[in-house]
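The values are calculated or read from the model by the stated rules, or taken from the named source; none is laboratory data. All values derive from a computational prediction rather than experimental measurement. Methodologically, a virtual Cβ is constructed for each residue, glycine included, from the backbone with ideal geometry; neighbour enumeration extends over all protein chains shown.
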Amino acid sequence: MKIRNSYSSFIPGFARGCLLIVLCSGIGSVLAQDTTAKKAAKPADTSAEAPVIKKKSFVKNTFEGNFLIDDQSVMVPIKGTFEFDIQHRFGTVQHGFSDAFGLFSGANMKLNFSYVPVNNLQIGLGASNENMQVDGNIKLAILKQTKDGAMPVSVTYYVNSIMDTRKADNTTLFVNTSDRFSFYNEIIIARKFSESFSLQISPSFSHFNNLQGYLDANGNVMPIYNHDNFAIELGGKLKVSDGMSLIANYDQPVTQNPAQNPHPNISFGIDMRTSGHDFQIFIGNYGSLSPQNNTFFNQNDYKKGEFLIGFNISRLWNF
(Lines give C-alpha, C1' and ligand atoms only; values in the text may rest on other atoms or scores of the structure.)
Protein backbone atom coordinates (compact mmCIF):
# COMPACT_ATOMS: atom_id res chain seq x y z
CA MET A 1 0.00 0.00 0.00
CA LYS A 2 2.74 2.43 0.79
CA ILE A 3 4.44 1.59 -2.41
CA ARG A 4 1.23 2.00 -4.45
CA ASN A 5 0.40 5.24 -2.69
CA SER A 6 3.93 6.57 -3.33
CA TYR A 7 3.75 5.59 -7.00
CA SER A 8 0.33 7.08 -7.53
CA SER A 9 1.43 10.35 -5.89
CA PHE A 10 4.53 10.46 -8.08
CA ILE A 11 2.62 10.21 -11.36
CA PRO A 12 0.47 13.29 -10.86
CA GLY A 13 3.51 15.32 -9.77
CA PHE A 14 5.50 14.24 -12.80
CA ALA A 15 2.58 15.05 -15.06
CA ARG A 16 2.22 18.45 -13.57
CA GLY A 17 5.94 19.12 -14.14
CA CYS A 18 5.74 18.07 -17.77
CA LEU A 19 2.66 20.20 -18.27
CA LEU A 20 4.45 23.20 -16.78
CA ILE A 21 7.43 22.71 -19.10
CA VAL A 22 5.15 22.47 -22.15
CA LEU A 23 3.24 25.59 -21.13
CA CYS A 24 6.45 27.56 -20.59
CA SER A 25 7.81 26.44 -23.96
CA GLY A 26 4.59 27.45 -25.67
CA ILE A 27 4.51 30.87 -24.05
CA GLY A 28 8.20 31.42 -24.95
CA SER A 29 7.49 30.43 -28.54
CA VAL A 30 4.52 32.77 -28.75
CA LEU A 31 6.53 35.61 -27.29
CA ALA A 32 9.39 34.96 -29.70
CA GLN A 33 6.98 34.91 -32.63
CA ASP A 34 5.38 38.14 -31.44
CA THR A 35 8.76 39.82 -31.15
CA THR A 36 9.73 38.63 -34.63
CA ALA A 37 6.43 39.84 -36.01
CA LYS A 38 6.94 43.25 -34.43
CA LYS A 39 10.42 43.47 -35.91
CA ALA A 40 9.07 42.47 -39.31
CA ALA A 41 6.19 44.89 -38.99
CA LYS A 42 8.49 47.77 -38.11
CA PRO A 43 9.00 49.83 -41.31
CA ALA A 44 12.53 49.90 -42.65
CA ASP A 45 14.49 53.14 -42.21
CA THR A 46 14.64 54.39 -45.77
CA SER A 47 16.13 57.75 -44.93
CA ALA A 48 19.62 58.32 -46.37
CA GLU A 49 22.28 60.78 -45.38
CA ALA A 50 22.27 64.01 -47.40
CA PRO A 51 24.95 63.93 -50.12
CA VAL A 52 28.10 65.86 -49.28
CA ILE A 53 28.53 68.80 -51.67
CA LYS A 54 32.19 69.39 -52.30
CA LYS A 55 33.29 72.98 -52.55
CA LYS A 56 35.11 73.76 -55.78
CA SER A 57 38.83 74.16 -55.33
CA PHE A 58 40.42 76.41 -57.93
CA VAL A 59 43.98 76.35 -59.23
CA LYS A 60 46.01 79.29 -57.91
CA ASN A 61 48.81 81.39 -59.39
CA THR A 62 48.54 80.29 -62.99
CA PHE A 63 50.63 83.42 -63.58
CA GLU A 64 52.20 85.72 -61.03
CA GLY A 65 50.33 88.93 -61.85
CA ASN A 66 48.12 90.90 -64.23
CA PHE A 67 50.78 91.27 -66.93
CA LEU A 68 52.67 88.77 -69.02
CA ILE A 69 55.28 91.11 -70.56
CA ASP A 70 53.29 93.02 -73.24
CA ASP A 71 50.04 91.11 -72.76
CA GLN A 72 47.42 90.70 -70.09
CA SER A 73 47.57 87.43 -68.16
CA VAL A 74 44.51 85.36 -67.32
CA MET A 75 44.75 86.38 -63.66
CA VAL A 76 42.22 88.55 -61.82
CA PRO A 77 43.29 89.43 -58.24
CA ILE A 78 41.09 88.59 -55.26
CA LYS A 79 38.25 90.85 -54.14
CA GLY A 80 39.41 94.06 -52.47
CA THR A 81 42.79 94.24 -54.26
CA PHE A 82 44.04 97.68 -55.27
CA GLU A 83 46.93 97.63 -57.72
CA PHE A 84 49.33 100.30 -58.96
CA ASP A 85 51.45 99.53 -62.04
CA ILE A 86 54.39 101.27 -63.69
CA GLN A 87 55.28 100.19 -67.23
CA HIS A 88 58.32 101.36 -69.15
CA ARG A 89 59.66 100.69 -72.65
CA PHE A 90 63.04 102.10 -73.66
CA GLY A 91 64.34 102.67 -77.17
CA THR A 92 65.66 99.90 -79.40
CA VAL A 93 69.10 98.47 -78.68
CA GLN A 94 70.68 98.46 -82.16
CA HIS A 95 72.54 101.74 -81.60
CA GLY A 96 74.64 100.10 -78.91
CA PHE A 97 76.72 102.21 -76.54
CA SER A 98 75.86 105.50 -78.29
CA ASP A 99 72.56 105.64 -76.39
CA ALA A 100 73.28 102.92 -73.79
CA PHE A 101 71.32 100.35 -75.79
CA GLY A 102 68.21 102.50 -75.87
CA LEU A 103 68.21 103.57 -72.22
CA PHE A 104 69.02 107.19 -73.15
CA SER A 105 66.71 107.40 -76.14
CA GLY A 106 63.00 108.25 -76.10
CA ALA A 107 60.92 105.96 -73.93
CA ASN A 108 57.23 105.22 -73.38
CA MET A 109 55.90 105.16 -69.84
CA LYS A 110 52.49 104.35 -68.38
CA LEU A 111 50.80 104.40 -64.97
CA ASN A 112 47.86 102.09 -64.21
CA PHE A 113 45.45 101.94 -61.30
CA SER A 114 43.01 99.06 -60.82
CA TYR A 115 40.63 97.70 -58.19
CA VAL A 116 38.62 94.50 -57.69
CA PRO A 117 35.22 95.56 -56.21
CA VAL A 118 33.63 92.10 -56.44
CA ASN A 119 34.94 88.61 -57.03
CA ASN A 120 36.32 87.98 -60.55
CA LEU A 121 35.89 91.59 -61.78
CA GLN A 122 38.68 94.17 -62.06
CA ILE A 123 38.27 97.74 -63.29
CA GLY A 124 41.16 100.05 -64.09
CA LEU A 125 42.39 103.40 -65.37
CA GLY A 126 45.66 104.24 -67.08
CA ALA A 127 47.62 107.16 -68.53
CA SER A 128 50.60 107.14 -70.90
CA ASN A 129 52.95 109.72 -72.38
CA GLU A 130 52.49 107.93 -75.72
CA ASN A 131 50.18 110.32 -77.61
CA MET A 132 48.90 111.50 -74.21
CA GLN A 133 46.58 108.51 -74.08
CA VAL A 134 44.23 107.69 -71.21
CA ASP A 135 42.27 104.47 -70.95
CA GLY A 136 39.66 102.61 -68.97
CA ASN A 137 39.65 98.83 -68.83
CA ILE A 138 37.69 95.90 -67.46
CA LYS A 139 38.87 92.37 -66.76
CA LEU A 140 36.39 89.59 -66.02
CA ALA A 141 37.21 86.01 -64.98
CA ILE A 142 34.59 83.87 -66.73
CA LEU A 143 35.87 80.38 -65.90
CA LYS A 144 38.52 79.10 -63.49
CA GLN A 145 40.55 75.93 -63.73
CA THR A 146 39.70 73.49 -60.92
CA LYS A 147 42.11 71.21 -59.10
CA ASP A 148 39.99 68.11 -59.78
CA GLY A 149 40.12 68.69 -63.54
CA ALA A 150 36.37 69.25 -63.90
CA MET A 151 37.24 72.62 -65.49
CA PRO A 152 40.56 72.14 -67.33
CA VAL A 153 41.21 75.80 -68.24
CA SER A 154 40.71 79.35 -67.02
CA VAL A 155 39.02 81.89 -69.29
CA THR A 156 39.15 85.66 -68.82
CA TYR A 157 37.76 88.52 -70.91
CA TYR A 158 39.67 91.82 -71.15
CA VAL A 159 38.44 95.02 -72.82
CA ASN A 160 39.76 98.58 -72.92
CA SER A 161 38.88 101.91 -74.46
CA ILE A 162 41.65 104.44 -75.13
CA MET A 163 41.30 108.16 -75.78
CA ASP A 164 44.02 110.21 -77.48
CA THR A 165 43.97 113.55 -75.62
CA ARG A 166 46.41 115.50 -77.80
CA LYS A 167 45.37 118.88 -79.07
CA ALA A 168 43.63 118.73 -82.45
CA ASP A 169 45.85 120.08 -85.24
CA ASN A 170 47.00 119.15 -88.73
CA THR A 171 49.06 116.25 -87.34
CA THR A 172 46.31 114.60 -85.30
CA LEU A 173 43.49 115.01 -87.84
CA PHE A 174 40.77 114.87 -85.18
CA VAL A 175 37.45 116.18 -86.49
CA ASN A 176 35.02 114.63 -84.03
CA THR A 177 35.55 113.53 -80.44
CA SER A 178 34.89 109.94 -81.51
CA ASP A 179 37.98 110.12 -83.75
CA ARG A 180 40.12 110.01 -80.62
CA PHE A 181 38.98 106.55 -79.51
CA SER A 182 40.27 103.03 -80.05
CA PHE A 183 39.15 99.73 -78.52
CA TYR A 184 40.65 96.37 -77.69
CA ASN A 185 38.91 93.05 -76.86
CA GLU A 186 40.63 89.85 -75.83
CA ILE A 187 39.66 86.35 -74.69
CA ILE A 188 42.44 84.77 -72.60
CA ILE A 189 42.47 80.98 -72.29
CA ALA A 190 45.05 79.51 -69.90
CA ARG A 191 46.01 76.26 -68.25
CA LYS A 192 48.37 75.54 -65.38
CA PHE A 193 49.93 72.21 -66.35
CA SER A 194 52.04 71.85 -63.22
CA GLU A 195 53.33 73.89 -60.30
CA SER A 196 56.12 75.09 -62.61
CA PHE A 197 54.57 75.47 -66.05
CA SER A 198 51.61 77.53 -67.34
CA LEU A 199 50.53 78.47 -70.84
CA GLN A 200 47.91 80.81 -72.32
CA ILE A 201 46.57 81.70 -75.75
CA SER A 202 44.61 84.88 -76.48
CA PRO A 203 42.73 85.81 -79.64
CA SER A 204 42.14 89.57 -79.82
CA PHE A 205 40.21 92.17 -81.79
CA SER A 206 41.22 95.85 -82.09
CA HIS A 207 39.35 98.78 -83.59
CA PHE A 208 40.36 102.40 -84.34
CA ASN A 209 37.69 104.96 -85.15
CA ASN A 210 40.10 107.18 -87.08
CA LEU A 211 43.18 106.13 -89.02
CA GLN A 212 45.67 107.84 -91.28
CA GLY A 213 45.17 107.59 -95.05
CA TYR A 214 46.74 109.04 -98.18
CA LEU A 215 45.66 110.65 -101.44
CA ASP A 216 46.17 108.69 -104.62
CA ALA A 217 47.00 110.20 -108.03
CA ASN A 218 43.34 111.02 -108.59
CA GLY A 219 42.94 112.80 -105.27
CA ASN A 220 40.97 109.96 -103.65
CA VAL A 221 41.51 109.20 -99.96
CA MET A 222 42.97 105.69 -99.66
CA PRO A 223 43.36 103.73 -96.42
CA ILE A 224 46.67 102.53 -95.04
CA TYR A 225 45.12 100.34 -92.34
CA ASN A 226 41.87 98.50 -91.84
CA HIS A 227 39.80 99.84 -88.98
CA ASP A 228 39.49 96.33 -87.52
CA ASN A 229 42.46 94.09 -86.81
CA PHE A 230 42.68 90.57 -85.43
CA ALA A 231 45.70 89.09 -83.68
CA ILE A 232 46.61 86.10 -81.54
CA GLU A 233 48.94 86.02 -78.55
CA LEU A 234 50.74 83.09 -76.93
CA GLY A 235 52.51 83.31 -73.59
CA GLY A 236 54.05 81.03 -70.98
CA LYS A 237 55.70 80.84 -67.57
CA LEU A 238 58.31 78.43 -66.23
CA LYS A 239 58.85 78.70 -62.49
CA VAL A 240 62.45 78.17 -61.44
CA SER A 241 62.19 79.06 -57.73
CA ASP A 242 59.61 80.23 -55.19
CA GLY A 243 60.11 83.86 -56.16
CA MET A 244 61.27 83.77 -59.76
CA SER A 245 59.94 82.57 -63.14
CA LEU A 246 61.07 82.69 -66.75
CA ILE A 247 58.41 84.25 -68.99
CA ALA A 248 57.92 84.57 -72.74
CA ASN A 249 55.27 85.68 -75.20
CA TYR A 250 54.68 85.83 -78.93
CA ASP A 251 52.15 88.12 -80.64
CA GLN A 252 51.08 87.57 -84.23
CA PRO A 253 48.94 90.14 -86.11
CA VAL A 254 46.51 88.31 -88.40
CA THR A 255 44.73 90.98 -90.46
CA GLN A 256 46.42 92.09 -93.68
CA ASN A 257 46.32 95.87 -94.19
CA PRO A 258 46.61 97.75 -97.49
CA ALA A 259 50.05 98.95 -96.39
CA GLN A 260 52.47 98.96 -93.45
CA ASN A 261 51.49 95.63 -91.94
CA PRO A 262 52.77 95.39 -88.35
CA HIS A 263 55.57 93.02 -87.39
CA PRO A 264 54.98 90.24 -84.87
CA ASN A 265 56.46 90.47 -81.40
CA ILE A 266 58.65 88.05 -79.50
CA SER A 267 59.71 88.71 -75.91
CA PHE A 268 61.65 86.94 -73.14
CA GLY A 269 62.09 87.96 -69.54
CA ILE A 270 62.23 87.25 -65.83
CA ASP A 271 59.36 87.62 -63.34
CA MET A 272 60.25 88.20 -59.67
CA ARG A 273 57.43 88.03 -57.14
CA THR A 274 57.07 88.94 -53.45
CA SER A 275 53.96 89.10 -51.26
CA GLY A 276 53.07 92.62 -52.39
CA HIS A 277 55.18 93.26 -55.51
CA ASP A 278 55.59 91.81 -58.97
CA PHE A 279 58.58 92.89 -61.08
CA GLN A 280 59.18 91.87 -64.69
CA ILE A 281 62.19 92.82 -66.79
CA PHE A 282 62.43 91.63 -70.39
CA ILE A 283 63.57 92.23 -73.94
CA GLY A 284 61.19 92.29 -76.91
CA ASN A 285 60.30 94.31 -79.98
CA TYR A 286 56.96 95.84 -78.96
CA GLY A 287 57.52 99.47 -78.00
CA SER A 288 53.98 100.66 -77.27
CA LEU A 289 52.11 100.36 -73.99
CA SER A 290 48.64 99.73 -75.43
CA PRO A 291 47.85 96.39 -77.08
CA GLN A 292 45.91 97.92 -79.98
CA ASN A 293 48.80 100.25 -80.85
CA ASN A 294 51.17 97.29 -80.90
CA THR A 295 48.98 95.06 -83.07
CA PHE A 296 48.25 97.94 -85.50
CA PHE A 297 51.46 99.94 -85.79
CA ASN A 298 54.53 98.00 -84.61
CA GLN A 299 57.35 98.38 -87.14
CA ASN A 300 60.19 96.97 -85.00
CA ASP A 301 61.44 93.85 -86.76
CA TYR A 302 62.98 91.30 -84.40
CA LYS A 303 64.65 89.61 -87.36
CA LYS A 304 66.76 92.75 -87.72
CA GLY A 305 67.58 92.86 -84.02
CA GLU A 306 65.22 95.77 -83.31
CA PHE A 307 64.64 94.77 -79.71
CA LEU A 308 64.12 97.02 -76.71
CA ILE A 309 64.37 96.67 -72.94
CA GLY A 310 61.22 97.02 -70.86
CA PHE A 311 59.90 96.44 -67.37
CA ASN A 312 56.62 96.21 -65.47
CA ILE A 313 56.33 96.95 -61.74
CA SER A 314 53.15 96.15 -59.81
CA ARG A 315 52.36 96.99 -56.18
CA LEU A 316 49.31 95.42 -54.56
CA TRP A 317 47.27 96.27 -51.46
CA ASN A 318 44.25 94.40 -50.14
CA PHE A 319 41.39 96.20 -48.40
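Tallying residues that are farther than 21 Å from Q299 by Cα, hydroxyl-bearing (S, T, Y) and part of a strand (DSSP E or B) within the range 182-236 yields 2. For the range 238-250, the condition holds for no residue, the condition being that it is of a type in the set (D, E) and part of a strand (DSSP E or B).
One line per residue, one yes/no per condition, for (1) at pLDDT 95 or above; (2) part of a loop (DSSP other than H, G, I, E, B):
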{"position": "E83", "(1), (2)": "yes, no"}
{"position": "S98", "(1), (2)": "no, no"}
{"position": "L103", "(1), (2)": "no, yes"}
{"position": "P117", "(1), (2)": "yes, no"}
{"position": "L125", "(1), (2)": "yes, no"}
{"position": "G136", "(1), (2)": "yes, no"}
{"position": "P152", "(1), (2)": "yes, yes"}
{"position": "T156", "(1), (2)": "yes, no"}
{"position": "M163", "(1), (2)": "yes, no"}
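Checked against (1) crowded, with 18+ Cβ neighbours inside 10 Å; (2) within 21 Å of I69 (Cβ to Cβ), M244 passes all but a single condition, namely (1).
Answer yes if at least one residue in the range 110-131 is over 21 Å from G243 (Cα atoms), out of contact with any strand residue (DSSP E or B) (no Cβ under 9 Å at 6 or more places or on another chain) and loosely packed, with under 13 Cβ neighbours inside 10 Å, and no otherwise. Explain how you work it out, then say what you get.
Kept after step one, since they are over 21 Å from G243 (Cα atoms), are these residues of the range 110-131: 110-131.
This time we only want the ones that are out of contact with any strand residue (DSSP E or B) (no Cβ under 9 Å at 6 or more places or on another chain), so: 118.
From what is left, the residues that are loosely packed, with under 13 Cβ neighbours inside 10 Å are 118.
The answer is yes; a qualifying residue exists.
Scanning the range 263-286 for residues that are modelled with pLDDT under 95, of a type outside the set (S, T, Y) and in a loop (DSSP other than H, G, I, E, B) yields a total of 1.
Test of understanding: among V221, V175, which residue is at pLDDT below 95, over 19 Å from S73 (Cβ atoms) and touching a strand residue (DSSP E or B) at 6+ places or on another chain (Cβ under 7 Å)? Even if it seems obvious, please write down each step before you answer.
Numbers: V175 fails: touching a strand residue (DSSP E or B) at 6+ places or on another chain (Cβ under 7 Å).
One residue alone meets the criteria, V221.
Among the residues of the range 191-217, those that are farther than 15 Å from I247 by Cα, hydroxyl-bearing (S, T, Y) and surrounded by 14 or more Cβ atoms within 10 Å (Cβ to Cβ) comprise S202, S204, S206.
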